[in-house]
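FYI, it's all coordinate maths here, none of it is from the lab. Please read all numbers here as calculations on a predicted model, not as lab measurements. No Cβ is skipped: glycine too gets one built from the backbone with ideal geometry, and neighbour counts run over all protein chains shown.
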């Protein structure tokens, strides 16, 4: 089924930043999209599915009693993610998000779905926590840098300035019941730094509703896990090196009932005028980040990990890790690369 990308902020994270290694997995070619592969484990069988959703690769692994139950569950998962994409895509002009951007304005609050209102509410929450380092209204700037990546030239300064003037989460008013008002005409919201994490949370809920409690959902590096595989303490996640993202990881986290998300620029960048610009845009400067960095956040749920990974990338190690320390049950690893010198810092709760 045709899907639309949510944002360049999400593209290729799976291959750029996180290498996923599941316990008990064996080296083998990936099956065709949507085709299950199985291995025996006690009275449960392991199933894996792959499909492009929301414009990025999704990988799902879980343990179910039989193939019929697995196929029914994964069908419901794909349907749920496709529905969320129809609400939140900034590529689809008919998505609920884009209709909101067209129809709302000063004095014109628009009622939206419960899902979109929830994600926008979380976006505003993280925007406030990060002092605008994460900003859901960054869409006009993202549009300028998408064009820059395609055309291999810096954005026009006047157009960049005009786009920058439309950015500011404080110009979004959330009301009841589920209404959204945009105070500046021309604002464009972008959920690229948060929607996939939310979709992974929702996919886990769908699986639980189908009686499947041992699962992992990976939306291009935004990973949510529930109970661990049978006989194991958790899902073993490998975190790739910023210097060599394609190399076999040497750092691992073993996780259960939480989420892990990584933001970085290993592959998503453009070099213009001798300067490297990340696909992650700083809402305050209007520019792509120029410092090489990779941020991995572990949080209770995918929507939080996804948004904070972007926010911390923009804030930098000092302010970013301070933000992480202020959040309960949240931890982070911040890596920077200056030439060949790799530096890593972690929050007090980040253990491996």
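Given a Förster distance of 25 Å, report the FRET efficiency between residue 338 and residue 284 from their Cβ-Cβ distance, rounded to the nearest 0.05. With R0 = 25 Å, the Cβ-Cβ based efficiency is 0.65. Each peptide in 76-89, 148-161, 305-318 receives the mean, over its residues, of other Cβ atoms within 10 Å, and ordering these scores from highest gives 305-318, 76-89, 148-161. Suppose a student asked you for the relative contact order of region 91-182, using Cα pairs under 8 Å spaced at least 6 residues apart; what percent would you report? Averaging sequence separation for qualifying contacts and normalising by length gives 39 percent for region 91-182.
Highest mean packing comes first when the peptides 340-346, 293-299 are listed by Cβ atoms within 10 Å, giving 293-299, 340-346. In a fully extended conformation the segment linking residue 213 and residue 69 would gain 50.6 nm over its present Cα-Cα distance, using 0.36 nm per residue. With R₀ set to 35 Å, the beta-carbon distance separating residue 114 from residue 158 gives a calculated FRET efficiency near 0.30.
The three principal axes of the Cα atoms in region 91-182 give end-to-end lengths of 44, 31, 23 Å, sorted in falling order. Take 280-292, 132-144 and order them by the average number of nearby Cβ atoms within 10 Å per residue, most first; the result is 132-144, 280-292.
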